[in-house]
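Reviewing the structure listed below.
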Amino acid sequence: MVDDKNDELDIVILEEKAPPTENIYSKQLDLFGLFVTNDEKKVSNTIEFWDSIPKYFLNSKQQEKLRTREGLASPYIKEYIKDGEKYKVVIQPALLERKDKKFKAYFPSVTEELIEEVLKKFLTDQQKYGVHIEKNNETWVRFSLNMIHKELKEHNKTRSFDQIKQSINIMSSSILVLYKNNKEIWRGAILQDLVTVDREKYIEDNKSLHIARLPLFISHAINQLDYRQFNYNKLMSSTNQLTRYIYKRLINRFVNANYFNKYHFMYSDLKQGCGLLQAEKEIHNREKLKSAFKELEEQRIITKYEVDEKKEGNKIVDVKYIVIPSADFVHEQKAANKRKNIIEDK
């Protein structure tokens, strides 16, 4: 539920909704797919609030440790701070049936992260794949397994059809519960009310279209024009999950990037927020961060970065990272700012 007075998200109860049976034109979704670029295939949208929720950080080794001998797992709790507010996300894993008829718990991870980006890209094409019902705060996306497979393959992120099927099931069956200052404000799946358009083949035919409802935060952002254009190709071609996280952070925070200013953030803030720095030794976490910065340089997102270590005696207690943007990033941020002005005028 959205309060029009302050745009705060209130408690939302899980409820099933029927998918739209026909295309419904939406001016807001039209603007969501309007970009300032010479090649629309290269750009997409980031929705800062939704994208900042740590939900894809548990890798396969970590998940295995969380499972019991029977393959089950309790919900995982991750606390984080955003804009000075305390948040907590409780991730209830999907229970998927195996070939031996027993169930195994799966948490969303890197493949689901990539597929979500692909689906948000599909959403920008209102004529074919996106449906947004403004008055109901509902947003639906149509897709086929073949479409997802092709898109991932184009960006060297190839997954088999079985892997894609499993990921779609994880995204539709795992439940996120989000708390702000210990108050529950939302619960739901990454893909809600998943059905096939023709209701006959479910997920067996790789080319048949499916439709799913996206989380309320995405619908709210589309209605409020609260999203930002970015280079989708660079994000999808990044091999490091931490690289993608920092890149999105820069897109949403370093909006006035130019050739004369810098952006900085603290290691402690990044570690607390993203969930991707969980090594027991901090030196290993900082090495992982170093690899992410190297890829940011290779992707021509930054030209270089500086490190300012905060010490107590000989012990490093925190690190400030200062990044200098590349010419490409400056150009892309200026295009994103221009696009934002255009859609707000429209």
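Quick look at the numbers
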read-out	value
Failed condition for Ser160, given (1) touching a Leu at 6+ places or on another chain (Cβ under 9 Å); (2) among the small types (Gly, Ala, Ser); (3) within 28 Å of Lys234 (Cβ to Cβ)	(1)
Region 113-141 residues that are farther than 16 Å from Gln224 by Cβ, paired with ones that are part of a loop (DSSP other than H, G, I, E, B) and among the charged types (D, E, K, R) (beta carbon under 6 Å, 6 or more apart)	Leu114/Lys157
Residue satisfying all of: in region 114-137; modelled with pLDDT of 95 or more and among the charged types (D, E, K, R); nearest to Lys42 (Cα to Cα) among these	Lys121
Test: residue in region 62-76 that is at positive phi, modelled with pLDDT of 95 or more and in the same structural domain as Lys165 (by TED's automatic domain parsing)	yes
Sole residue being in a loop (DSSP other than H, G, I, E, B), on the phi < 0 side of the Ramachandran plot and of a type in the set (A, V, I, L, M, F, W, C), chosen from Ile190, Ile148	Ile190
Tally of residues being over 20 Å from Tyr247 (Cα atoms) and surrounded by 15 or more Cβ atoms within 10 Å (Cβ to Cβ) across region 319-346	1
Set Leu242, Leu216: member being surrounded by 20 or more Cβ atoms within 10 Å (Cβ to Cβ), within 21 Å of Leu152 (Cβ to Cβ) and at pLDDT 95 or above	Leu242
Conditions (1) out of contact with any Phe, Trp or Tyr (no Cβ under 6 Å at 6 or more places or on another chain); (2) in contact (Cβ under 8 Å) with a residue 60 or more places away in the chain; (3) of a type outside the set (Gly, Ala, Ser): number failed by Pro108	(1)
Residue satisfying condition, being part of a loop (DSSP other than H, G, I, E, B) and either farther than 27 Å from Asn156 by Cα or not assigned by TED's automatic domain parsing to the domain that holds Ser60 (or both), within set Ala279, Ala221, Ala292	Ala279
Only one of Val255, Val330, Val319 that is among the β-branched types (Val, Ile, Thr), part of a strand (DSSP E or B) and modelled with pLDDT of 95 or more	Val319
When residues of region 247-282 are limited to those that are of a type in the set (A, V, I, L, M) and closer than 21 Å to Tyr56 by Cα, the one surrounded by the fewest Cβ atoms within 10 Å (Cβ to Cβ)	Ala279
Number of the condition not met by Gly273 [criteria: (1) within 30 Å of Leu29 (Cβ to Cβ); (2) assigned to a strand (DSSP E or B)]	(2)
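Quick grid of which residues meet (1) under 30 Å from Ile24 (Cα atoms); (2) in the same structural domain as Leu178 (by TED's automatic domain parsing); (3) outside any loop (DSSP other than H, G, I, E, B):
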{"position": "Ile91", "(1), (2), (3)": "no, yes, yes"}
{"position": "Leu96", "(1), (2), (3)": "no, yes, yes"}
{"position": "Leu114", "(1), (2), (3)": "yes, yes, yes"}
{"position": "Glu117", "(1), (2), (3)": "yes, yes, yes"}
{"position": "Lys128", "(1), (2), (3)": "yes, yes, no"}
{"position": "His132", "(1), (2), (3)": "yes, yes, yes"}
{"position": "Leu152", "(1), (2), (3)": "yes, yes, yes"}
{"position": "Ser167", "(1), (2), (3)": "yes, yes, yes"}
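The values are calculated or read from the model by the stated rules, or taken from the named source; none is laboratory data. Please read all numbers here as calculations on a predicted model, not as lab measurements. Positions of Cβ are backbone-derived with ideal geometry, glycine not excepted, and every protein chain shown enters the neighbour counts.
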